[in-house]
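What follows is calculated from the coordinates using simple rules that are stated; it is not laboratory data. In this text the structure is predicted, and so the values were computed from the model without any measurement. Every residue, glycine among them, receives a Cβ derived from its backbone with ideal geometry; neighbour counts consider all protein chains shown.
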Amino acid sequence: MNIKTISGIFCIILCMTTAARAENGHQLWLRKGKANPVTIVCQGSSPILKNAVKELEAGWLGEPGSKLILSVGRDKRLKGDGFMLDSRGIHASTDKGILYGVYDLLRRQKTGESAKSVVSNPAYEYRLLNHWDNLDGSVERGYAGRSIFWRGDKDLAVTQNDRVLWQEYARACASVGINASVLNNVNASPRILDPEYLKRVKAIADILRPYGIKTFLSVNFSSPVRLGGLKTSDPLDKDVIRWWKVKTEEIYKLIPDFGGFLVKANSEGQPGPQDFGRTHADGANMMADVLKPYRGIVMWRAFVYSSQEKDRARQAYNEFMPLDGAFRDNVIIQVKNGPIDFQPREPFSPLFGAMKKTAVMPELQITQEYLGHSYQLAFLAPMWEECLKSDTYQEGKGSTVARCTDGSIFKYPYTAIAGVANTGLDLNWCGHPFAQANWYAFGRQAWDHTLTSEQIADEWTKLTFYNPDVAYGKSEKHGDWERGFLKPVKEMMLESREAVVNYSMPLGFHHIFSADDHYGPGPWFGPKSVRPDWTSVYYHQADTNGVGFNRTRSGSNAVSQYHEPLASQLNDVQTCPEKYLLWFHHLPWDFKLKSGKTLWDEICFHYDHGIQQVRGFQKTWDLTEPYVDKQRFLQVQNLLMRQTLDAQVWKDGCILYFQQFSRRPVPYDLERPVFGLEFIKKKRPILIFE
Ligand code: BDP
């Protein structure tokens, strides 16, 4: 053998040991690895405990041959499904608590976090995913393939593949503490309550249950008419009440631990109690009463807005505050994090903390409807952290959104938090490899809202990318991986949502999308035939004098829906945080910001900074190549290319559009536009790849 052949063989061996094997992402953050033997003593053999034992046996990375005790019993340090870890094992008051303890322990072993004397309690009782899955298999605002639950009327039989997938889904949810799923779209088809569909719901519920997951359904308010053939769906009508009673009984016969209903009523064309001159409370209470004997709950959404209200941001508060105290105790009002609609940045909804006699739960959006679908890398934990940790001042300083909803300030009988899911049939479940981090982060924050985004990014990155079987470089292997991959990738993730804000809607801009796809820029979108609050021009109000939505006391007065001192702080342009500036104020183009720049220049700088940030992500990612498998490396690399193009289109489209009103030059330091305004409007290069 000559030297060349020897070095060739050597090279192949080296490559085999160092290259990470291709990963398609299907195993999420639960990737299989080697495990050490462990002996488990478990008191009980429920399906949930069996799963707990199975997980420990398959994933134990502690001392080989350790003995671990799983014990269930009351302890005053434990709340709900909380758990305790110590050197002897896991203790919890419920079987579910044991399962959560197992996942927590295994996560700590994998990420190198200490598992000595841990006491962990969930912040919210219900930690739900809301699937906007339609029965025909499409997913509203879903960007990762078709529904994992539905395939249409003609395909209701449950296959072995379905079962496997649902089990994998349930396991992933449980591993981050998610304990409930709403299986269908809030724009609900009445058909979901048809016996044929309920059979499939039961099959799903049976598979989710051993992972501690409760099943809920979205229901259509006019089901009594559309499914039951009744003449009315008036919630005070005796026959209607009877219809819901019988239907509810039918559901509980099939699914004894069914969770309850999620309702979108009198919103975006959906039917509701107001169609019959009744209130949201009348509608919600009727359902709450039929669910009460089974301990079921109603999650009633506050996402309402009508064309009569001059400022859409005010509507939910105006409609729901007068009803505070009128709801049954098994009703929770489900409120989106912001007053408009899951924008890249919104202030928190003023309903949080304001409804003191009614349980309120936050609704977050995991699917990236307004943050680049599954084409853009946007780690959302910082956005949710920002909302949950915002101070409402409702009961004095420190009344954060989280504390106003988790039962610490108001003693609600039920507490909950929901996330609109980003799952689909794509092999990696979520489309973008980094979108998985948002599913993970939602579960972790719903369990513990005091966690920082940094901690969550750290855990997820280690679990999702670190491969103990790979020698990452010549020196001390862990150190290399942490420096070469973990640190830069975490920094990129933590910056990513702000980058999206910068290149799409900085300084308080919101909802300036093109038409209904909620993807590319469309600040020009404002046809007279469309209801004003469905246009972009309504939200930015740009003219030659200035830009922004005046929600101060001299404008729509939406600021007054917030508690003092926040209301005054937002009202005053000098104290309003700049990130919310154009949300609350209409300002002249030459208004001076804290940086000393004019508003116009600052807008341009933010758009430019956003694209520079994404260009930075491209560089960061390219350097990670030695530390990640080829499949995921290339996929993310390609997606970042597209994101840069998207950012360019956003920047050029918005700057050139607003320049027509500002009549000022683009600051000299900044790169010039690449696309012309008319070109963007006409060709929408953002969709070139489709
Ligand atoms: C909006 C979505 C729409 C949803 C609606 C909702 O564009 O598809 O149906 O929210 O939350 O964000 O009901």
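Worth a mention:
- In order through region 329-343: 3J(HN,Hα) via Karplus (6.51 cos²θ - 1.76 cosθ + 1.60), integer Hz, x for Gly, Pro: 6, 9, 10, 10, 8, 9, 10, 5, 4, x, x, 9, 5, 6, 5
- Rounded to the nearest Hz, the phi-derived 3J(HN,Hα) couplings of region 407-420 under the Karplus curve 6.51 cos²θ - 1.76 cosθ + 1.60 (θ = phi - 60°) are x, 6, 9, 9, 7, 6, x, 10, 10, 7, 8, 10, x, 6, where x marks glycine and proline.
- Rounded, prolate or oblate (a/c below 1.5 giving rounded, otherwise prolate when a/b exceeds b/c) for region 112-159 by Cα gyration tensor: prolate
- Under-5 Å amide H pairs with A416, H placed in peptide plane, nonlocal only: E125, Y126
- The amide H of S218, built 1.01 Å from its N in the peptide plane, has L183, N184, L262 as neighbours under 5 Å, considering only residues 5 or more places off or on other chains.
- Counting all C-alpha pairs of region 274-356, share separated by more than 20 Å (%): 37 percent
- Separation of the M321 and E578 label points, Cα + 7 Å toward Cβ, nm: 3.1 nm
- Legend: distances between Cα atoms for K76/K214; K50/K76; K389/K651; K231/K528; K389/K462; K32/K116; pairs beyond 32 Å are K231/K528.
- Fraction of beta bridges assigned by DSSP in the chain that are antiparallel (%, nearest 5): 25 percent
- Each residue, T39 and K528, gets one label point 7 Å from its Cα in the Cβ direction; the gap between the two is 8.4 nm.
- Between T159 and N187, the contour length at 0.36 nm per residue exceeds the alpha carbon distance by 7.4 nm.
- Modelled spin labels at S87 and E249, positioned 7 Å past Cα toward Cβ, are 5.8 nm from each other.
- The chain shape via C-alpha gyration tensor axes, a/c threshold 1.5: oblate
- Segment R74-E196, extension gain: residue separation times 0.36 nm, minus the distance between their alpha carbons: 39.8 nm
- With a Förster radius of 22 Å applied to the C-beta separation of K682 and F661, the computed FRET efficiency comes to 0.60.
- Computed on region 126-465, with alpha-carbon pairs under 8 angstrom and 6+ residues apart, the relative contact order is 18 percent.
- Dividing the summed -39500 (n - 2.57) terms of all DSSP H runs of n ≥ 4 by the residue count of the chain sets its mean residue ellipticity at 222 nm at -11500 deg cm²/dmol.
- Paramagnetic label zone (point 7 Å from Cα along Cα-to-C-beta, D516; backbone N under 19 Å) in region 132-155: 132-144
- Region 394-430 and region 308-340: distance between their alpha carbon centers, rounded to Å: 16 Å
- Between amide H atoms placed 1.01 Å from N, distances below 5 Å from I40 occur with L68, all of them 5 or more places distant or on a separate chain.
- Descending semi-axes in Å of region 126-465, equivalent ellipsoid built from Cα gyration tensor: 28, 26, 18
- Anisotropy class of region 38-120 from Cα gyration tensor, a/c 1.5 cut: oblate
- Annotation note: trypsin sites (Lys or Arg not before Pro) in region 627-688 located in DSSP loop regions with a Cβ neighbour count of at most 14 within 10 Å are R663.
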